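Trainee: Sharing a structure, written as structure tokens. Questions coming.
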Amino acid sequence: MIFGVIYVVLAFMLIMLLRLTYFFPSLSKEEGETEEGERRKEMLDGFQGYVYAAIIFITIATLTNTYFAIKGTPWEGHFMEWLNIVVRLMHITFGIAWIGASFYFVFLENALNRTKDVREELAGNLWAVHGGGFYYLEKYKVAPERIPKDLHWFKYEAYFTWLSGFSLLFVVYYFNARAFLIDPNILDISPAAGIAIGIASLVAGWIIYHFLCKTALVKKQALFALVGLVIVTAFAIFYTNVFSGRAAYIHFGGMLGTLMAGNVFFIIIPSQKAMVKAAKEGEPLNPELGKHAGLRSLHNNYLTLPVLFVMISNHFPSTFGFSNPWLMLMIITIGTAGVKHYLNLREKKQLNIYVLPVSIVILLAAAFISAPPKDPGACNDIISINEVNMIVQKRCVSCHSSQPTDDVFTAPPNGVVYDTPQDIINMKEKIMQRVVVTKTMPQNNKTAMTEAERNIIRCWIEQGGQNK
């Protein structure tokens, strides 16, 4: 069935390519500047969009078919690892492009010269030097008298960042929902229910935020930010009471990323299209469109650092493994947003001496609050490596072995194995952090490691963690 669909789409894509190459040959420079040339160019762009959509569909169908074909075989783990690598790399690449553009254009808006030798139709200008060259940029109050043909749009960076991130959510958390999404110690629900809750929460987040932006509250920045903080805190608490720690953080970041991508797709780009259309047709422009789009772009700018933190958070169990993970998440969200606010003020030359120090103190508070207790308990007996090895063999090697027996991991996670006592000694610092302090290993405590066993491992490490 899947292969039949692939063949149909391949045929469709081939037809589109033939139409592109035969019926709409390449335009010369002179033809491209005519009205007919512009129309044909728009048609070309439209057909290219269909071809790209067909390619994406074929890729997804092929990967899906491959997954089900090798599911349950030794190839499954290898396939999922490489799929994770490819999608993650795409997500990072597109994310860098999108966030870089966001940072740059907010910087431009903040740093514009708005008074000295500025023409009437301009909102401001800026001289810059970069990469061995000088640049001069101008921003119009509304639009130039004549819209240039080669107008660059910044939108695909946002779209592909969200699409690759959503795909990564499936690859890492939804395809292995029992292992990564659901933690029975938090809420024992089915994978289908967990996936449905996760996707629905992204939609709900956008609806609530979009509704809030349509109220008069959006004109009162401080109050809007406070209400927004309360709402996202509620989402953080909700996620950490439904999903595993890692999954809760990723869904929180996914929710913020959905707000950002929604702003681009539903508000910013439509507003820009309406402005371009009005300028081309000589109709009066609505300046409120630009202001509203600019406000949503500013919101995106403040969300970037919290989202970036979430993207790397699964490498740091001190955050999602904390006893109240939502609190840690919100502390870092507020602190990083504060750092971004300081940078925005600095670009405007409106320095505030309190914003950055307060933001840093908030971030340092996360490290202080999550620190392990100074006196976790006395270790009266001398613990040997043999005792620790027995615990590790019972609770850990189903995953962390050169030949895992776990039903999800067909290869040792991150290449970490505990086949010998020396392997345990080599990784004792990591074991201390993951098993004793944050208790994030075993994953969702799948093998039911007890507190007594964790204390034995702790005492062995505190006693030097030697092979004796």
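Trainee: Among the residues of segment 149-161, is there at least one that is in contact with a Gly (Cβ under 9 Å, 6 or more places away or on another chain) and of a type in the set (Asp, Glu)?
Mentor: Yes, some residue in segment 149-161 is in contact with a Gly (Cβ under 9 Å, 6 or more places away or on another chain) and of a type in the set (Asp, Glu).
Trainee: Go through segment 147-173 and report how many residues are in a loop (DSSP other than H, G, I, E, B) and either touching a residue at least 60 places away in the same chain (Cβ under 8 Å) or of a type outside the set (D, E, K, R) (or both).
Mentor: Pass one, segment 147-173, residues in a loop (DSSP other than H, G, I, E, B): 147-155.
Okay, now just the ones that are also either touching a residue at least 60 places away in the same chain (Cβ under 8 Å) or of a type outside the set (D, E, K, R) (or both), so 147-149, 151-155.
Of the residues in that region, 8 qualify.
Trainee: Here is a follow-up. Restricting attention to segment 396-425, report how many residues are more than 27 Å from Val171 (Cβ to Cβ) and assigned to a helix (DSSP H, G or I).
Mentor: As a first pass, look at segment 396-425 and keep what is more than 27 Å from Val171 (Cβ to Cβ): 419-425.
Now drop any that are not assigned to a helix (DSSP H, G or I), which leaves 421-425.
Here the count works out to 5.
Residue by residue, here is whether (1) assigned by TED's automatic domain parsing to the domain that holds Phe224; (2) surrounded by fewer than 16 Cβ atoms within 10 Å (Cβ to Cβ); (3) among the charged types (D, E, K, R) holds:
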| residue | (1), (2), (3) |
| --- | --- |
| Ala261 | yes, no, no |
| Ile268 | yes, no, no |
| Lys273 | yes, yes, yes |
| Lys280 | yes, yes, yes |
| Pro284 | yes, yes, no |
| Leu303 | yes, no, no |
| Phe309 | yes, no, no |
| Ser313 | yes, no, no |
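Trainee: Can His152 be described as farther than 28 Å from Glu283 by Cβ and either at pLDDT 90 or above or surrounded by fewer than 16 Cβ atoms within 10 Å (Cβ to Cβ) (or both)?
Mentor: So His152 does not fit the description; no.
Trainee: If you go through segment 214-222 one residue at a time, do you hit one that is over 23 Å from Phe94 (Cα atoms) and touching a residue at least 12 places away in the same chain (Cβ under 8 Å)? Can you show your working first?
Mentor: So the first thing to find is which residues in segment 214-222 are over 23 Å from Phe94 (Cα atoms), and the list is 214-222.
Now restrict to residues that are touching a residue at least 12 places away in the same chain (Cβ under 8 Å): 218.
Within segment 214-222, one or more residues are over 23 Å from Phe94 (Cα atoms) and touching a residue at least 12 places away in the same chain (Cβ under 8 Å).
Trainee: Also, I was wondering about something else. Would you pick out the residues in segment 124-141 that are loosely packed, with under 14 Cβ neighbours inside 10 Å and either among the hydroxyl-bearing types (Ser, Thr, Tyr) or assigned to a strand (DSSP E or B) (or both)?
Mentor: Trp127, Ala128, Val129, His130, Gly133, Phe134, Tyr135, Tyr136, Leu137
Trainee: Moving on to the next point. Specify which of the listed residues (Val242, Val227, Val203) is within 23 Å of Ile331 (Cβ to Cβ), part of a helix (DSSP H, G or I) and either of a type outside the set (S, T, N, Q) or at pLDDT 95 or above (or both). It would help to see each step written out before you state the result.
Mentor: On the way: Val242 fails: part of a helix (DSSP H, G or I); Val203 fails: within 23 Å of Ile331 (Cβ to Cβ).
Of Val242, Val227, Val203, the one residue that is within 23 Å of Ile331 (Cβ to Cβ), part of a helix (DSSP H, G or I) and either of a type outside the set (S, T, N, Q) or at pLDDT 95 or above (or both) is Val227.
Trainee: It is to be established whether one or more residues within segment 369-389 are in contact (Cβ under 8 Å) with a residue 12 or more places away in the chain and of a type in the set (Lys, Arg).
Mentor: Of segment 369-389, the ones in contact (Cβ under 8 Å) with a residue 12 or more places away in the chain are 369-370, 372, 376-377, 379, 381-389.
Now narrow it down to the ones that are of a type in the set (Lys, Arg): none.
Looking for residues that are in contact (Cβ under 8 Å) with a residue 12 or more places away in the chain and of a type in the set (Lys, Arg), one finds none in segment 369-389, hence no.
Trainee: Give segment 272-300 a look and list any residue that's part of a loop (DSSP other than H, G, I, E, B) and in contact with a helix residue (DSSP H, G or I) (Cβ under 9 Å, 6 or more places away or on another chain), or say none.
Mentor: Glu283, Pro284, Leu285, Asn286, listed by residue number.
This table checks each residue for (1) exposed (fewer than 15 other Cβ atoms within 10 Å of the Cβ); (2) in the same structural domain as Trp206 (by TED's automatic domain parsing).
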| residue | (1), (2) |
| --- | --- |
| Thr59 | yes, no |
| Arg119 | yes, yes |
| Leu122 | no, yes |
| Phe166 | no, yes |
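The values are calculated or read from the model by the stated rules, or taken from the named source; none is laboratory data. It should be emphasised that the depicted structure is a prediction, and the values quoted were computed from it without experimental measurement. Glycine also receives a Cβ, built like all others from the backbone with ideal geometry; neighbour counts cover every protein chain displayed.
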